[in-house]
Structure formats: C-alpha cells, structure tokens
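Structure first, commentary second.
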Amino acid sequence: MFNKSDYFFNRELSWLKFNARVLEEANQKTNPLLERLRFVAITGSNLDEFFMIRVAGLKQRLESGINKKDAAGLTVAEQLQKINESTRRLVRRQYRYWRILQQEMEENNICFKAVAELSDELREWIEDYYRTTIFPVITPLAVDSSHPFPFLANRSLNLAVEIKQGRCEAKIAVIQVPGVLPRLVRLPETDHGKWFVFLEDIIQTYCVNLFRGYTIKTIVPFRITRNGDLTIDEEDAEDLLAEIEKSLRQRKRGDAVRLEIGKTINHALRQFIIDGVKIKEESVYDINGPIDITCFMKFGETIGDEQLLYQSFVPPLPSSLADTDDLFAAINAKDILLHHPYESFFPVVNFIRQAAVDPEVLAIKQTLYRVGGDSPIVLALAEAAENGKQVTVLVELKARFDEENNIQWAKRLEEAGCHVIYGLVGLKTHAKIALVVRREHGIIKRYVHMATGNYNEGTARQYTDIGLLTANDQIGADASAFFNVLSGYSDPPIWNKLGVAPIGLRQKFYDLIEREISFAKSGKPARIIAKVNSLVDTELTLKLYQASYYGVKIDLIVRGICTLLPGIAGVSENITVRSIVGRFLEHSRIFYFANGGDEQIFLSSADWMTRNLNARVELLFPVDDVEHRDRIKALLELLLQDTQKAYGMRSDAVYYRVGRHRKEIVHSQKELLNRALQVGKSANLPLPILKPAYRHEE
C-alpha cells in the first residue's frame, strides 16, 4: 500500500540537502564571522568523504553492471547524474559564500593576499620563506614519454606546470603542494592587520628556479579525490588488524572519483590533467577560488579574536555530582543522566579512572568506536590492566577514517595487558557501553555507562549526546551478557532491559510502533517522537507510514539523511520532519512513545538506517527514572519549538526555515547553553568547548 517510489526520497540527494543546510550557517550573520568560515570548510570536508565513499560506491556498482533502482525509483546512473547536478550547485554556493566572507574579513583587517599584491619588503620575506622552507621540500615531476603521469595521493593539492624552451614543444611537469607545510602562510604583522598568502601562490610565483633554462607558460592547480572505502575479507583474514593496516595503504591509491581544477583558459593543459588522472569530464569540477577549502577548518584559532568566534564555556557537572567525590556511591543512589556538551564529560572519564585505581574493582569491560587522538579513557584502561584488573576492550578497527588511530590504541592496550577484541565478523560494533564490576561488602555490584555518542572527549564538546550512569541490576546483568556475546561464543540471551542489534532491535522498534497503532485505534494517547541522525531504512519507513495512516502523531527530528517524505495525504499526513543545524552537531538518538499515557523513552547508539539495524552491534536502553524522563521529554519539546535553527521538510523533500514567519524566538541550543552557563558559574573544570564539526558521523 505504501511501498511506492513516490513516497521515498533518494538518500544521496537527501545527504546533499543536509550539507546545503550546514553551508547555510556560513550565510547567517548571527553566527560569528570566523565560525561562518569554518562552516564553509566543514561542507568541503563532508563532500570529500561523500565522494570517497558514497559516490565511489555508486560508480563501482555501475561499472559492475549493477543499475538497479532504489526505493525512490532512481537507477544508479540517474543517481550519479542528479548528484552531479546538485553538487555543482552546492560548490558554486560554497565559493560565493567564500567571496562574501573574504570581503567581510577584510573589513576586520584579515586579508588573503596574492604575492603580486605585496610590497617589496613583504615579497622579500616571502621569497626568503620559499628559499629556506618550501624549496627544500618540493620536487618537480616531469611528464613525458619516459615519465608517465605520476600517481598522486588522495586529496593532495598539485600544480600542473606548462614550460617551454625556445621554439621547442611545450613540456609538462607536476609539483605536489606539500601537505607538511601550512597551507595559509601568515605574513609578518603590519599596521594593516593580519595578512595571509596561500602556499600554492608562493610556489607558483617562485618555482621558475625549478625549471632553469625554461619559461613558465601556465600553472593550473588541481586536486584528486579517490575511492576511500576499504575492502576487507574478514572471513579469510587470519589477522584482522594486519588486514586493515594493508587496506589503509590501498585507500591512498584508489581510483579517482573527482577532479577539482582551478579555472583556466588553457584548455589543452586542462585536458592533459584529465587524461593523466584517467577521469571522465562529468567528474571534473572547475573551481573559481582556492581549491580545498578544508584549510579553513582551524583558521579561527590562528586569528585568536574571541569577538569573531563562538563564546567558549566550561560545561558544569550535573548537580548530583557537584558535591561528592564518590562516583560509585552517587550512581548507586540514583541513575545519573549526562547531556553533553551542556554538561561535562568529566564524569565519564572519571568513571573509568576511578575504576582503574579502586582496589574493590575487579573488572572493566568497554566498547570503543571513535576514541580520539589523546584519550584519557584509553590511558585509564591501560592503567587498570597494569594494576591487575581484568580489562576487556572491544576496539572497532573498522570505524571509517578512524581505523589508523584505533589500531594504535589497540596495540597500546594489548601492551598494557588488556584483552582486546576486534568485534564480530561482518559487523561493526557501534554500541557505546562500559561495565565496571566491583566488590562491595562481599557482594558483586555492576555499574554501567551507556550513551548515544562515542567515548571521545573531543566530540563530547562538539556533539549533543546523552549518557546514563546506572547501577540497575537488570541492566548490569544485560551488560555482562552483552560482553559475553561479543568476546566468546555465547548465544544472545533474553534481554531484561536492552534492545540489541542486529538480533532483535529491528523487531523491538516494530513492536513499539505497533503498540502506538493499537492505542490510536482504541482512542488512547498515541504519539512517537524520534530524534535520529538519519532515517533511511525502507521497512521502518513503511511501518511509520502505517502508524500515520491509523492516526499516530509522529514528530521526527532528523539531522541528516531522511528518505521518508512527510505530509503526503493518506500516507504521512500525521508525520512532521525537521532538521536542526547549529553550533553543535545534533547527535543524540532519542525515542519517545506515548504508550497510551504510560510514556516510555529510550536512548540508543543506533540510527534508523538499515546498516544500524542489520549490520551493526547497537544498543537501545530505557530511561526509567521519572525525573530523567521528564527532562528528556522537555528537551524534545524544546527542539520541536525551535524557530532559529530548525528546518521543516515538505512532502516534495524541500526544506524551509521553520521560524521564517514566526514572531516568537526559540533557539534550542542557545537556550540549553545559557542554562549550562548559569549552572556552570561555580564549576571549575578545564574542558573548554571546541568548535563545530559537522562530519556526517556514522
């Protein structure tokens, strides 16, 4: 009844719409100037990953002869065509915003200068920098009959140089812009303000000394994006860690999926680059501006002007922990709910740190997905093992783009004596859970932390996530059983409290939705509020359409991809979809069910995507404490009232700003931040808030 292509939107095009919403933050003058520039950089980084994974995957399918239609009725070829059209519009807007921001930065005495614009004194400084710092690093690579077009690293910036000697035929060389040097070279302070020069402009100006006896005709910058997905045969891999390390080396050498070229009138040189990279014209993007705008990601920190950045703040401790040093006693007394980044991540770190040194703690078990570069949690786990405790850590080596970092942590933990496992064959372990087993008065007591986000203190200051610390006996028993399934050959038990993917979680969601349908049919309160990063799964979407048809009121807060279409008469007229994009990346997964008046709220590591329900180890856990339930419900209602950072989705998949014609001002993130600032005046924890990151986290 509901399984028609007209009732679905393509997931790739939906993702591009999300990235466009992120880009719009660069055009919002209510955001600080340098934060707006960062949003431009974030969309560039997002596009890189999109091409490396999603576009690369579609191209591979098409080359393999697979051209099936998706749920929205688009073939692979049609998807690639529409992606191409949408991406080109997005890129044009990126650089239009960049030029606007460049002008506004000049008004604030922050300038990007061409070498040719500089005074003789500054040119002399630049030339000296080139001679002493750049020249020793760069190497020209000739391209001719005896020197084939060089293989260039993924996402590296390069210069194609056309040179000529007298009347001889022109020759081509390639210079790789060194990634080991700052892309934006800051000039000595002047009375005019803070001036910067792009590294490639310096090389273009002075690289003539690399080609003595020749004159330079044209220089064209270009950048290649390659297939970045890893192909790992887990079934036949004797050593998964070694296999992934091998695949990481292959990632740098994947086929080209996108070519960015600086605008040029030298069509012959442009074609030479295209032929050398071995890419088709439809995958070539002519860039009118600096190629690779991800270089602005941390630019704000180099300026150091707090007026042009978001206000920093120290997230406070929750009130239940403000006056106690005994974390285990506090958890034993009452479940503790943590809402990051508005509340400190310190209790989570301290949970593992205290367990590592507590003589009564016997064992620690934890999953790690995205850990971060300098993790106090991992160091605490290593210390715990060195202190003689039984430490079991599941490190997910297949966490995309964090594989190398996780490999290093896995080795460090093994060296410390931890038992390190790499998950289940064919599945990614995406669940976020830590279990501490403690002996208290001769009795074994279990303490558990579960969360919607990773054990990463960096992203805990950028992403909105919710965690729960509990000593609930049933959850403790479930946690023990969960780790037994991960580390051994134990069959999944009948869970007391938890829902676990890939076995049971999909059906759990079906049952919860069916229950709301039955209440709607009987005239009792029937409502669903779901906050997720992405909604892609077709079968789950059909179940939501069915619930809407029978009168269940459904409010969806979907930050990123949403293939469901709301507001279709007779199908989804009882469904609303909104997306909130602001300073912090909305990352928490929250599920509310009216349940005929006996309300239930669940938190989860899982999005409503097929991969989360079918191909990942995920957790769903209830919030049983009434006070915490009320708090989360109030949070959901606040998000649904947002008029400043919320977008509504129409039945034609067009997004619109919710508050455009509304008088009331509700800014959910600012409201939560203001509350945290009021509470945090007495807090003194050295955990400054980092800057926004809109990576489309898995």
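Looking only at residues in region 261-283 that are buried (at least 19 other Cβ atoms within 10 Å of the Cβ) and of a type outside the set (G, A, S), the one that is farthest from the chain's Cα centre (by Cα) is L269. E35: part of a helix (DSSP H, G or I) and either in the same structural domain as T563 (by TED's automatic domain parsing) or under 23 Å from the mean Cα position of the chain (by Cα) (or both), yes or no? Criteria met by E35. Taking the condition under 21 Å from the mean Cα position of the chain (by Cα), buried (at least 17 other Cβ atoms within 10 Å of the Cβ), more than 30 Å from Q311 (Cα to Cα) and at pLDDT 95 or above, does A431 pass? For A431, the condition - under 21 Å from the mean Cα position of the chain (by Cα), buried (at least 17 other Cβ atoms within 10 Å of the Cβ), more than 30 Å from Q311 (Cα to Cα) and at pLDDT 95 or above - is met. May I ask you to verify whether A615 is out of contact with any His (no Cβ under 7 Å at 6 or more places or on another chain) and within 28 Å of K645 (Cβ to Cβ)? No. Residues that are of a type in the set (V, I, T), in a strand (DSSP E or B) and farther than 25 Å from F602 by Cα: does region 423-443 have at least one? Looking for residues that are of a type in the set (V, I, T), in a strand (DSSP E or B) and farther than 25 Å from F602 by Cα, one finds at least one in region 423-443, hence yes.
For region 343-354, the set of residues classified as touching a Gly at 6+ places or on another chain (Cβ under 9 Å) and either surrounded by fewer than 23 Cβ atoms within 10 Å (Cβ to Cβ) or under 18 Å from Q366 (Cβ atoms) (or both) consists of F345, P347, V348, listed by residue number. Could you please let me know if R583 is crowded, with 17+ Cβ neighbours inside 10 Å, closer than 15 Å to T464 by Cα, at pLDDT 95 or above and basic (K, R)? Yes, satisfied. Filtering region 68-93 to residues that are outside any helix (DSSP H, G or I) and among the small types (G, A, S) leaves A71, A72, G73.
Of all residues in region 112-128, which are touching a helix residue (DSSP H, G or I) at 6+ places or on another chain (Cβ under 7 Å) and not basic (K, R)? F112, A114, V115, L118, I126, E127 - these are the residues of region 112-128 that are touching a helix residue (DSSP H, G or I) at 6+ places or on another chain (Cβ under 7 Å) and not basic (K, R).
Please determine whether any residue of region 45-68 is surrounded by fewer than 16 Cβ atoms within 10 Å (Cβ to Cβ) and among the hydroxyl-bearing types (S, T, Y). Yes. No other residue among A20, A72 is in contact (Cβ under 8 Å) with a residue 24 or more places away in the chain and either over 30 Å from Q307 (Cβ atoms) or crowded, with 20+ Cβ neighbours inside 10 Å (or both) apart from A72. Apart from one condition, G567 fits all of (1) on the phi > 0 side of the Ramachandran plot; (2) in contact with a Pro (Cβ under 8 Å, 6 or more places away or on another chain); the exception is (2). Annotation note: Cβ proximity below 8 Å between a residue of region 89-113 that is at pLDDT below 95 and a residue that is of a type in the set (G, A, S) and in a helix (DSSP H, G or I) (sequence gap 6+ or interchain) occurs for no pair. Answer yes or no: is there a residue in region 500-518 that is in contact with a strand residue (DSSP E or B) (Cβ under 9 Å, 6 or more places away or on another chain), part of a strand (DSSP E or B) and not acidic (D, E). Yes - at least one qualifying residue is present in region 500-518. Test Y447 against the stated conditions and say whether it is buried (at least 23 other Cβ atoms within 10 Å of the Cβ) and either within 16 Å of A363 (Cβ to Cβ) or not hydrophobic (A, V, I, L, M, F, W, C) (or both). Judged against the criteria, Y447 is a match. Among the residues making up region 286-314, those that are surrounded by fewer than 17 Cβ atoms within 10 Å (Cβ to Cβ) and under 23 Å from R96 (Cα atoms) are D286, N288, G289, K298. Scanning region 647-689 for residues that are surrounded by fewer than 16 Cβ atoms within 10 Å (Cβ to Cβ), at pLDDT below 90 and closer than 15 Å to I580 by Cα returns a single hit, R660.
The values are calculated or read from the model by the stated rules, or taken from the named source; none is laboratory data. Because the structure is predicted, anything quoted here is derived from the model rather than measured. Counting neighbours? That spans all protein chains shown, and the Cβs are built from the backbone with ideal geometry, glycine included.
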